[in-house]
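For reference, the structure is listed below as structure tokens.
The values are calculated or read from the model by the stated rules, or taken from the named source; none is laboratory data. Treat the numbers as computed from the prediction; the structure is a model and nothing was measured. Positions of Cβ are generated from backbone atoms using ideal geometry, with glycine treated the same way; all protein chains shown enter the neighbour counts. Each accessible area value is taken on the protein alone, full model and side chains, heavy atoms only, with ligands, DNA and RNA left out. Shrake-Rupley method; radii C 1.70, N 1.55, O 1.52, S 1.80 Å.
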Amino acid sequence: ARSHTPELFHIETVRGVGYSLVVPPSAERLSEDGAGVERPSGGSRPDTTRPKPRLAPVVLALLVIVAAGLAFAGWRTLHAGTGAPPIARVEVAPFRALRAGDPDVTRVSQATRDAVIRVLRGTDIPVVEARTTGADATSDADFHLRGAVDRDGDAMVINAQLLDRDRRNVLWSGRFERSLSTPARFPDQAAPRIGDMLHCALRSRAASNRPMTDAVLSLMLQACELRRPEPQDAPQFLAAAERLRDAAPQLSVAQSMYATAAAAKSALSPDTPDAAALATAARAAAGRALQLDSTNGEAYFAIGISYGFDRAWAAREANFLRAEALSQGFNIMGDIHVRLLREVGRLRDARELNLHTAADDPFGSDQVSTLILLTALTDGREAAEPLLQRFRLVASPEDTDGLRFNLTFWWDSPEAARALLATTDNGSVGLKSCFEDYLVEVERPSPHRGLPDSCRMLQLDWRIRMLAREGDIDGAYREIAQAPRGSSLLLALYYPEMRAFRADPRFMPLAARYGLVDYWARSGRWPDFCTESDRPYDCAAVARGLVDPSRPTPDLKPVPR
């Protein structure tokens with residue numbers, strides 16, 4: 001937000017409460033030889049992700065928000081940072097309304113162009129505003145962006161294209177859809193997707209160790225559009241990055257893009273047969289990128305994510321810190337670094353880093369949703385409420401409802417959670433029944449053991465937290481003993497309802513089996529819970545015995561206060 005003109009929002013510290021986002025009124029087969037560029041065959045992948053019906057299970061929305069980092073959904077690059085190389089100028093034409101007389105289409109077309117210009121300027125991309133759609137190309141603009149808005153059945157559609165200086169060749173085209181039942185803020189949600197993709201590609205072009213032709217830029221645009229994959233989409237990202245690398249093997253940014261794609265596929269699908277080979281390929285490509293340009297911070301980032309999740313924290317963090325130092329403002333690095341800090345229990349460090357990534361990407365819902373959870377974890381439920389109001393402006397109604405239920409379910413009273421659940425349109429009868437049955441049990445005065453039968457299909461990390469919340473610590477340890485290793489379980493360890501779970505004598509040996517104790521002891525960076533005044537043991541003393549088996553593990557006795 002610091003670089004946006006006009007300012008989109010800023011974060012203020014509210015004494016005794018937390019943080020508030022303040023929104024000012026003004027914010028309301030190509031080769032490297034450069035031969036003729038054709039419209040990319042197959043085009044860039046259209047964004048055809050229409051919002052799922054309101055009957056989609058509430059729990060899916062909740063868990064997607066909680067695990068957004070795992071899916072790399074928060075990958076954004078909407079702030080160039082200081083010292084970034086100059087980026088090409090983009091001429092933005094008015095977006096045409098393809099249905100004359102349709103006020104909604106007209107309104108969205110006008111708002112989309114304004115939102116795109118606002119976002120591009122916020123990314124430090126120089127913008128030239130074309131007066132009309134068919135105006136002559138601006139002589140000092142490097143590229144031309146145009147678009148149109150239409151209806152398609154029950155959806156509003158925004159189509160956009162990026163053309164070369166002479167408007168003879170389409171370098172990229174994209175399609176964005178939103179259900180007519182939820183049209184709010186559609187332009188402000190489509191514009192960051194366009195800005196993200198353009199800034200990724202144009203930033204890479206500006207920082208490239210050698211000139212990038214329009215032909216190669218077209219391939220870079222395709223890779224940039226795909227580089228926020230869900231696990232099932234990672235192969236497409238890898239294929240696009242491989243085409244880019246093959247077309248321009250001497251470009252450092254092409255090698256680092258391939259390294260990132262290979263590392264992402266390996267990290268998102270660690271149990272597949274090719275995971276290890278992809279991690280090795282990612283490091284080799286990153287090494288080649290650094291040979292071509294030693295200042296390419298994204299190469300270090302690719303090395304970091306090639307280690308995957310829930311392991312190698314020291315090596316991952318060292319590479320992320322190098323990446324951030326070399327490529328300031330490349331927010332994807334901060335997002336995944338935040339994830340690492342959450343895995344090891346350094347929640348306050350994660351929140352401080354997340355504050356910067358959220359401020360640099362004001363339209364990105366993933367950073368704000370993570371900031372909301374981290375603020376609730378570190379400063380309490382009330383401190384997160386102002387951020388939730390900001391989240392409404394940048395997220396879909398489904399995601400907003402899911403995040404609000406998440407906060408209410410875990411931080412508010414069972415009665416309040418039940419009341420909210422009763423108003424939620426949820427077609428998953430079994431899961432809704434699970435939440436209802438569980439909340440009734442939690443309200444009872446006597447302790448309970450075990451979860452309702454209706455909760456057997458609930459995700460494992462939620463079951464562990466729910467058992468700990470109702471006081472069934474033995475049940476929570478039985479669940480986690482049967483669980484496959486995974487980051488979502490590590491994130492679950494540090495929630496407030498897990499306090500008694502962490503105080504149990506079994507916790508530090510469990511953390512040692514995950515490798516966490518070794519990281520804490522060797523790095524000297526202890527998790528936040530080690531400062532809790534009522535913890536029954538000294539973290540460092542217990543860790544010394546667990547890291548060095550020759551030394552006896554001390555008794556877990558209360559720490560002097």
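Across the stretch 495-522, what is the number of residues that are within 15 Å of A541 (Cβ to Cβ) and among the aromatic types (F, W, Y)?
Total meeting the criteria: 2.
When you look at D360, is it at pLDDT below 90 and either among the charged types (D, E, K, R) or crowded, with 24+ Cβ neighbours inside 10 Å (or both), yes or no?
Yes, satisfied.
Has the stretch 392-405 got any residue that is open to solvent by 10 Å² or more (accessible area, probe 1.4 Å), within 18 Å of the chain's Cα centre (by Cα), at pLDDT below 80 and of a type in the set (G, A, S)?
Yes, the stretch 392-405 has at least one match.
Assigned to a helix (DSSP H, G or I), in contact with a Leu (Cβ under 9 Å, 6 or more places away or on another chain) and closer than 24 Å to D366 by Cβ, is that true of A254?
Taking the combined requirement at face value, the residue does not satisfy it.
Quick check on the stretch 123-137: of everything there that is at pLDDT 65 or above and in a loop (DSSP other than H, G, I, E, B), which residue is nearest to the chain's Cα centre (by Cα)?
T123
Scan the stretch 384-413 and report the pairs whose first residue is of a type in the set (D, E, K, R) and whose second residue is outside any helix (DSSP H, G or I) and crowded, with 21+ Cβ neighbours inside 10 Å, with Cβ atoms within less than 7 Å and a gap of 6+ or a chain change.
So the pair list comes out as R390/L21.
Check whether at least one residue in the stretch 317-324 is open to solvent by 20 Å² or more (accessible area, probe 1.4 Å) and either closer than 25 Å to R404 by Cα or at pLDDT below 90 (or both), and report yes or no.
Within the stretch 317-324, one or more residues are open to solvent by 20 Å² or more (accessible area, probe 1.4 Å) and either closer than 25 Å to R404 by Cα or at pLDDT below 90 (or both).
Mind listing just one residue for me: the one in the stretch 188-209 that is of a type in the set (S, T, N, Q) and open to solvent by 10 Å² or more (accessible area, probe 1.4 Å) and, of those, farthest from S256 (Cα to Cα)?
If we take residues in the stretch 188-209 being of a type in the set (S, T, N, Q) and open to solvent by 10 Å² or more (accessible area, probe 1.4 Å), then Q189 is farthest from S256 (Cα to Cα).
Residue-by-condition table, conditions (1) at pLDDT below 90; (2) touching a Ser or Thr at 6+ places or on another chain (Cβ under 9 Å):
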| position | (1), (2) |
| --- | --- |
| R96 | no, yes |
| P103 | yes, no |
| S109 | no, no |
| T112 | no, no |
| V119 | yes, no |
| S139 | yes, no |
| D142 | no, no |
| I158 | no, yes |
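Here are some residues: F507, F435. Which one is modelled with pLDDT of 95 or more and in contact with a helix residue (DSSP H, G or I) (Cβ under 8 Å, 6 or more places away or on another chain)?
Working: F435 fails: modelled with pLDDT of 95 or more.
Being modelled with pLDDT of 95 or more and in contact with a helix residue (DSSP H, G or I) (Cβ under 8 Å, 6 or more places away or on another chain) holds for just one of F507, F435, which is F507.
Return the residues of the stretch 112-125 that are out of contact with any helix residue (DSSP H, G or I) (no Cβ under 8 Å at 6 or more places or on another chain) and open to solvent by less than 40 Å² (accessible area, probe 1.4 Å); say none if nothing qualifies.
Hits for the stretch 112-125 are R113, I117.
Answer yes or no as to whether R165 is touching a His at 6+ places or on another chain (Cβ under 8 Å), outside any helix (DSSP H, G or I) and open to solvent by 30 Å² or more (accessible area, probe 1.4 Å). Walk me through it before giving the result.
Details: touching a His at 6+ places or on another chain (Cβ under 8 Å): yes; outside any helix (DSSP H, G or I): yes; open to solvent by 30 Å² or more (accessible area, probe 1.4 Å): yes.
Judged against the criteria, R165 is a match.
Would you please name the residue that is farthest from L353 (Cα to Cα), looking only at residues in the stretch 276-316 that are open to solvent by less than 50 Å² (accessible area, probe 1.4 Å) and outside any helix (DSSP H, G or I)?
This residue is D293.
Of all the helices (runs of 4 or more DSSP H) wholly in the stretch 457-553, which have at least 2 residues that are open to solvent by less than 10 Å² (accessible area, probe 1.4 Å) and not basic (K, R)?
Numbers: elements: 460-469, 473-481, 487-492, 499-503, 507-514, 516-523, 539-547.
Output list reads 460-469, 473-481, 487-492, 507-514, 516-523, 539-547.
Any residue in the stretch 212-239 that is more than 19 Å from D196 (Cβ to Cβ) and open to solvent by less than 20 Å² (accessible area, probe 1.4 Å) sitting within a Cβ distance under 8 Å of a residue that is among the charged types (D, E, K, R) and in a loop (DSSP other than H, G, I, E, B)? List the pairs, counting only those 6 or more apart or interchain.
Short answer, once both residue conditions are applied: A215/E32; A215/D33; V216/E32.
Kindly list the number of the only condition in (1) in a helix (DSSP H, G or I); (2) open to solvent by 10 Å² or more (accessible area, probe 1.4 Å) that fails for A264.
In the conditions (1) in a helix (DSSP H, G or I); (2) open to solvent by 10 Å² or more (accessible area, probe 1.4 Å), A264 misses (2) alone.
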